[in-house]
1. Excluding same-chain residues fewer than 8 positions from LYS47, which lysines have a Cα within less than 17 Å of its Cα?
2. Take LEU12 and ARG50, extend 7 Å from each Cα along the Cα→Cβ direction, and tell me the distance between the two endpoints in nm.
3. Along the charge dipole of the chain, which of TYR7, GLY46, VAL36 sits closest to the positive end, that is, farthest toward it, with unit charges on the beta carbon of Lys, Arg, Asp and Glu (+1, +1, -1, -1)?
4. Taking 0.36 nm per residue of sequence separation and subtracting the Cα-Cα distance, how much length would be gained by fully extending the chain between LYS2 and ASN31, in nm to one decimal?
5. How high is the relative contact order of region 16-69, in percent, counting Cα pairs under 8 Å that sit 6 or more residues apart?
6. What is the order of MET72, MET41, MET22, fewest Cβ neighbours within 10 Å to most?
7. If the viscosity is 1.306 mPa s and the temperature 10 °C, what Stokes-Einstein diffusion coefficient in µm²/s follows for the chain when Rh is the Kirkwood radius over Cα pairs?
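Each value in this text was obtained by applying a stated rule to the coordinates, not by laboratory testing. It should be emphasised that the depicted structure is a prediction, and the values quoted were computed from it without experimental measurement. All Cβ positions, even for glycine, are placed from backbone atoms using ideal geometry, and neighbour counts span all protein chains on display.
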Amino acid sequence: MKELISYIATSLVDDPTQVRVMENRRGSAVNLILKVAKSDMGRVIGKSGRVANAMRILLRVAAAREGIRVTMDVEEPR
């Protein structure tokens, strides 16, 4: 799951070196936190959140095949 989000995010952004994906597991549930450069936030979120929601849908499909639940949050850079 982590690799999928990392691949998609690095393909979207201008500065792929700033892409970080952290994974928190709790039983059969996984929470992914995506961090990108401040200038790339718009590319990752997309208009009305469409890109981020598409990434979440892909995650759910991949997770369903493995029998786990996955959520993804895009963390705002400081």
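1. LYS38
2. 1.3 nm
3. Going by the charge dipole, the pick is GLY46.
4. The LYS2-ASN31 span can extend by a further 9.5 nm.
5. 30 percent
6. MET22, MET41, MET72
7. So the translational diffusion coefficient is about 126 µm²/s.
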